[in-house]
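Encoded as structure tokens, the structure appears first; notes follow it.
The values are calculated or read from the model by the stated rules, or taken from the named source; none is laboratory data. This is a predicted model, so every value here is computed, not measured. Cβ coordinates were reconstructed from backbone atoms using ideal geometry, including for glycine residues, and neighbour counts include every protein chain displayed. To get the accessible areas, we keep the full protein, side chains included, count just its heavy atoms, and leave off ligands, DNA and RNA. Shrake-Rupley method; radii C 1.70, N 1.55, O 1.52, S 1.80 Å.
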Amino acid sequence: MPSQNHNIDVLKYLMNVMIIMIHVGYSIELPILRAAVPVFFIISSYFFFKKISTLSSEEQNKVWINFIKRALKLYLFWFIVLLPVTIVARRWFQDDIFTITWNLVRGLTIGSTFLASWYISAYIIGISLIYKFRRYKYLVGFISLGCYILCTISSNYCNLLDIQCIKWDGVSIYNSFPVGLIFIFIGKNLADKKKLPITIGIAGTIIGFALLSLENYLIVKYNLRKADDCYVSLLVLSPSIFILFNSLPNRIKTSTKYIRNMSTIYYCSHYSMIVVIGVIVGALPKFQLFTFTWLTVTFLSFLLLYLSSMRRFSFLKYSY
């Protein structure tokens, strides 16, 4: 099992703050925010495949099953806790029982149930697919890259080909597991190699940011986008950000587990909190909405982490 790199816990927290910024409306003016979700896919994949790298086939399968169980417990906890918000936000109260059931099945697999939950489904499915078909390295890489290209065309390049955004049963392909496959594939390949030097991370981050800036300029200039979720340049930028943080000297002496757990609570709760704040307070400027959301999920994180340390509330550990 890889030793804990505290820098990655800090990176996860920063990426969560960036995701909050995306969902309050900053992503168009700050396209670098879109690097956050790919970085998360890489982190999840890297540590999963690093953990199983020295294990027997039987032990690897046990780790994989435990990985799925833990992710499903996390999903179920937040699905139950956020159900009232989900019902209102998804307008499930307007649907018949068959439609609600189908929406649940679809949300659990290719989309979302509670807001932003698609990422949890995506990394469960994506890591499982890459794990099960890992012997077909080049084929998996080719298919994963092809999926990401489709996601990119379906978001930032829709107007270039004059097409509608690619969807399956109403779910945008860039908000489903295909968008994460290439980054999970990259995470696995990074886990299979020795840790890369920090110079690669620094150079890649600089080059990736320059490419992203150029790509965004051209997209805006020629009015190519219908959504802004996927950029080609993230294939350079996101892995480089991970390599940079993973290569930094691990000088943080105290445990960052608290930050790691906070990050999970941030992600699972933030989008629903944005909706709740909007209902209670009304429309807010982006900075105010970000501030309110960040303060709310930070308070919620401290509360859940504090209560979960008590025996009677130990079930709250499922929240992270």
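Side notes on the structure shown:
- Residues of segment 251-275 satisfying the condition of being open to solvent by 70 Å² or more (accessible area, probe 1.4 Å) and either over 24 Å from S308 (Cα atoms) or not in a helix (DSSP H, G or I) (or both): R251, K253, T254, S255
- Flag for Y174 being within 19 Å of the chain's Cα centre (by Cα) and buried (at least 22 other Cβ atoms within 10 Å of the Cβ): yes
One line per residue, one yes/no per condition, for (1) part of a helix (DSSP H, G or I); (2) modelled with pLDDT of 90 or more; (3) open to solvent by less than 30 Å² (accessible area, probe 1.4 Å):
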{"residue": "I100", "(1), (2), (3)": "yes, no, no"}
{"residue": "L104", "(1), (2), (3)": "yes, no, no"}
{"residue": "S112", "(1), (2), (3)": "no, yes, no"}
{"residue": "A116", "(1), (2), (3)": "no, yes, yes"}
{"residue": "Y123", "(1), (2), (3)": "yes, yes, yes"}
{"residue": "S128", "(1), (2), (3)": "yes, yes, yes"}
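- Search result, residues across segment 187-206 that are assigned to a helix (DSSP H, G or I) and either at pLDDT below 95 or under 23 Å from the mean Cα position of the chain (by Cα) (or both): G187, K188, N189, L190, A191, D192, G201, I202, G204, T205, I206
- For segment 195-233, the set of residues classified as under 24 Å from G180 (Cβ atoms) and of a type in the set (V, I, T) consists of I200, T205, I207, I219, V232, listed by residue number.
- Condition met for L108 (surrounded by fewer than 21 Cβ atoms within 10 Å (Cβ to Cβ), in a helix (DSSP H, G or I) and touching a residue at least 12 places away in the same chain (Cβ under 8 Å)): yes
- Residues in segment 172-212 that are of a type in the set (S, T, Y) and in contact (Cβ under 8 Å) with a residue 12 or more places away in the chain: S172, Y174, S176, T205.
- Residue within segment 171-186 that is at positive phi and not in a helix (DSSP H, G or I) present: no
- Qualifying residue in segment 137-151 (condition: open to solvent by less than 30 Å² (accessible area, probe 1.4 Å), in a helix (DSSP H, G or I) and more than 21 Å from R34 (Cβ to Cβ)): yes
- Residue within segment 69-82 that is within 15 Å of the chain's Cα centre (by Cα), of a type in the set (F, W, Y), at pLDDT 95 or above and farther than 22 Å from D228 by Cα present: yes
- Residues located in segment 1-40, provided they are without any contact (Cβ under 8 Å) to a residue 24 or more places away in the chain and of a type in the set (D, E): E29
- Taking every residue in segment 223-251 that is basic (K, R) and pairing it with any residue that is surrounded by 17 or more Cβ atoms within 10 Å (Cβ to Cβ), at least 6 positions away or on another chain, the pairs with Cβ-Cβ distances below 6 Å are R225/N156; R225/I219; K226/C158.
- Of the residues making up segment 276-295, just one is hydrophobic (A, V, I, L, M, F, W, C), open to solvent by less than 50 Å² (accessible area, probe 1.4 Å) and within 19 Å of the chain's Cα centre (by Cα), namely F290.
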